[in-house]
Amino acid sequence: MKLILLGPPGAGKGTQAKMLAEYYQIPQISTGDILRTAVKDGTPMGVKAKGHMDAGSLVPDDVVVGIVRERLQQADCAKGFILDGFPRTVPQADALQNALADLGKNLDAVISLEVDLEALVERLTGRRTCRDCGKGFHVRFDPPAVAGKCDACGGELVQRDDDREETIRKRLDVYRAQTEPLAAYYGDAGILHSVDGMQDIQVVKANILETLTAK
Ligand code: AP5
Ligand code: MG
Ligand code: ZN
């Protein structure tokens, strides 16, 4: 399965990508996660990306295209992959087409997670992520058994630096201006499938799997 998860900040891309990766036994490729690791490790790429991420704007196309191009060549992508948070601009989508063509591959589907704008801010302000294993939670919608502690590994749950309300608003504006046009891009290509992202997490997962099986 070669899949893109499309949707605004907080739509549930990461939540669903992790579950689908497990289901299909293929890697989740989250450019956001890769960039956050680079920032944490202080690599040259991380240093370059940090200012853009803290401001809620996009990291330059050439940086993220380079990351994905390299990642798709790795052996674990042979059976498929789930792209989470990439592409985010039309030039990134064009670059992805080229990279896949070079590898002799085609996308199977683009799943667009549809979520009301008002719900996104609450999802992002309540999001918590495990510092050690990266598992995601929500204080209200997907709470851990013990507040502040990861169910999977006991690690400390932290908030993302860009999940402050003013940065969230900026990320939503950037999404509307630069990423939303990709729905038409993939609609024209005939591989776009919309899924209602307002349902319960497990219901969204079931609907995605049903969509992918039916197509
Ligand atoms: P990135 O990390 O990709 O962030 P994003 O797109 O803003 O999306 P999020 O990760 O915030 O949301 P999500 O859809 O994954 O939601 P989640 O599943 O966590 O990018 C961050 C930054 O990196 C960008 O701003 C940019 O600077 C840079 N960047 C990354 N990729 C780039 C690219 N390609 N080009 C340029 N720059 C790039 O869910 C959110 C919360 O809601 C969680 O708490 C979850 O538990 C909860 N939740 C999930 N589903 C449900 C549900 N169905 N019901 C109730 N709650 C739910
Ligand atoms: Mg995410
Ligand atoms: Zn953990």
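The values are calculated or read from the model by the stated rules, or taken from the named source; none is laboratory data. Predicted, not measured: the structure shown is a model, and the values here were computed from it. Counting neighbours? That spans all protein chains shown, and the Cβs are built from the backbone with ideal geometry, glycine included. When the accessible area is computed, the model is the full protein with side chains, heavy atoms only, and any ligands, DNA or RNA have been set aside. Shrake-Rupley method; radii C 1.70, N 1.55, O 1.52, S 1.80 Å.
Where the alpha-carbon atoms of the range 56-148 are placed on the principal axes, they occupy 47, 29, 25 Å, in descending order.
If you sort 23, 185 by accessible surface, 1.4 Å probe, largest first, the order is 23, 185.
Charge dipole of the range 47-144 (Cα centre as origin; +1 on each Lys and Arg Cβ, -1 on each Asp and Glu Cβ, all else neutral): 400 debye, rounded to the nearest 20.
When the chymotrypsin sites (Phe, Trp or Tyr not before Pro) in the range 61-165 are filtered for DSSP coil states and for at most 16 other beta-carbon atoms within 10 Å of their beta-carbon, the remaining sites are 141. Would you work out what percent of the accessible area of the chain, with all protein chains in place, is carbon or sulfur (probe 1.4 Å)? Ligands and nucleic acids excluded, carbon and sulfur give 50 percent. The distance linking the range 23-74 with the range 156-215 is 18 Å (Cα centroid to Cα centroid, whole angstrom).
A Cβ-based charge dipole, computed about the Cα centre of the chain with Lys and Arg at +1 and Asp and Glu at -1, lands at about 400 debye. Based on the Cβ-Cβ distance of residue 210 and residue 33, what FRET efficiency does E = 1/(1 + (r/R0)^6) give at R0 = 35 Å, to the nearest 0.05? The calculated FRET efficiency here is 0.85. The residue list 96, 1, 45 was ranked by how far each Cα lies along the charge dipole of the range 1-152 toward its positive end, using unit charges on Cβ atoms, and 45 comes out on top.
Our summary of shape: the Cα atoms of the range 51-94 have principal axis extents of 35, 20, 16 Å, ordered from largest down, in whole angstrom. With 29 Å as the cut-off, how large is the P(r) tail for the chain, expressed as percent of Cα-Cα pairs? Cα-Cα pairs in the chain separated by more than 29 Å: 21 percent.
Filter the cross-link list 50/170; 13/105; 135/205; 40/205 down to pairs whose alpha-carbon distance in this structure exceeds 25 Å. In this structure, 40/205 lie more than 25 Å apart at Cα. Phi-derived couplings, Karplus 6.51 cos²θ - 1.76 cosθ + 1.60 at θ = phi - 60°, listed residue by residue for the range 77-82: 8, 4, 7, x, 6, 10 Hz, with x used for Gly and Pro. Of the peptides 62-69, 114-121, 31-38, the ranking by mean beta-carbon count within 10 Å, highest at the top, reads 31-38, 62-69, 114-121. Looking at the chain, the DSSP beta bridges with both ends there are about 30 percent antiparallel. Taking all protein chains into account, the per residue accessible area for the range 1-83 stands at 44 Å² (1.4 Å probe).
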